[in-house]
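The values are calculated or read from the model by the stated rules, or taken from the named source; none is laboratory data. Keep in mind that this is a model prediction, so the values were computed, not measured. Here the Cβ positions follow ideal geometry from the backbone for every residue, glycine too, while neighbour counts run over all protein chains shown.
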């Protein structure tokens, strides 16, 4: 996800440079190139300085993304002696990166770095970022790339709640000064000559400063969208895009998980030919629901293009955290793992990893009488392990059927948890795609999970809520299959680690 955003910003900068070469921008190519490297150098230097001072692992993409955003919103150098530009670019970049280390609570930064940096510049030097990325030439590229990002991170509700509110607020603020016949021109101006789309796709979706629950995300998007319009003001203080985002960030902090954990590896267990369980301990407390996930950051030496951050669903239950202060991850490894997974696999006992940004809606319904079906594909079984373990430890009974699809018998993991949960009303069926010896246990089926199999094993399937967890393609395929069977109550969630 982070790399996609980084490449998207790089592409916008490259396209802007091409347009400047043909004289289509209001700045020259040499000045633009200089501005790019000036901001990049300041962000890199500041990030290095504070990461060493605070002895923390710096995220690989962090300063790149912040720097690229600043390049796209601070007007490039006009003349080589433009002291005003150097002042704004330097302090905007410095404060943006410094805020990640200085403006924090419990090691969690509060504000969007780029927005914070340019807001400080606005307050001190009485000038705002121009957000020059909002222009007609670049807008098609902003739109196409932005839609790809929204598809990747599955945060369309957040994006469109912001966009609709911001658009309507701006339209309402402009109409009193125009005749009704000019409404189409106003609409075009809002979409093509303001940074509204760039702001929606990049600024509003920044993960560390966004609420973790869907309902709060929509409130957050609506709040920032309302304040986005320049006509919104308190006395002589007028709203700017960056100020609107900072207000939203404060709201987000109060409604979101605030933990930033440092975890120590206690044990590493191989539970299948290519799946390991990692058991971590931490003295810190965290409240979570079984089925939620965290963002994990590892100090990777020379990370590859996939970076040093991953999202993993917790395989452990809250009861295990309360009893032993342990957290469990189930991780699948492939023949050519990323540098992140390689270093995680090789992490020694006593090694540390960081985790935060608790999120996820893939949790049990409050109504305990609701009948459920859990469909798992491969390592997608991890949230179900957490849910069942919590049920076992609390004695909670529910009517649940689990359909666990795996390639081979050896790929079945957490079977002891499934068996323990039988006394609580949980029935597990393992669907083994390649059953070599032809034999199968009473809770095992050979072949591929199909509509016919679901109808046979779960006659009342239309009365149940279906949960689907696994790789994105598998989730989409089963979601379409169930809809074709007349199932309407389907629950999926954003599992970035699978995408």
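A few remarks follow.
- Leading residue by the ranking (farthest from the chain's Cα centre (by Cα)) among those in region 445-456 that are closer than 16 Å to residue 411 by Cα and surrounded by fewer than 17 Cβ atoms within 10 Å (Cβ to Cβ): 446
- Residue satisfying condition, being over 27 Å from residue 393 (Cα atoms) and either in contact with a strand residue (DSSP E or B) (Cβ under 8 Å, 6 or more places away or on another chain) or in contact (Cβ under 8 Å) with a residue 40 or more places away in the chain (or both), within set 303, 318: 303
- Counting only helices (runs of 4 or more DSSP H) that fall entirely inside region 316-406 and contain at least 2 residues that are farther than 19 Å from residue 271 by Cα and at pLDDT 90 or above, the qualifying elements are 318-324, 382-394.
- Single match in 94, 54, 125 (criterion: surrounded by 16 or more Cβ atoms within 10 Å (Cβ to Cβ) and either free of Cβ contacts under 8 Å to residues at least 12 places away in the same chain or in contact with a helix residue (DSSP H, G or I) (Cβ under 7 Å, 6 or more places away or on another chain) (or both)): 94
- Test: residue in region 167-190 that is outside the structural domain of residue 47 (by TED's automatic domain parsing) and not in a helix (DSSP H, G or I): yes
- Pairing residues of region 179-195 that are surrounded by 11 or more Cβ atoms within 10 Å (Cβ to Cβ) with residues that are at pLDDT below 80 and not in a loop (DSSP other than H, G, I, E, B), at Cβ distances under 6 Å and at least 6 apart in sequence or on separate chains, gives 186/174.
- Condition met for residue 149 (in contact (Cβ under 8 Å) with a residue 40 or more places away in the chain, assigned to a helix (DSSP H, G or I) and under 25 Å from residue 355 (Cα atoms)): yes
- Count of residues meeting criterion [outside any helix (DSSP H, G or I) and buried (at least 17 other Cβ atoms within 10 Å of the Cβ)] in region 457-470: 8
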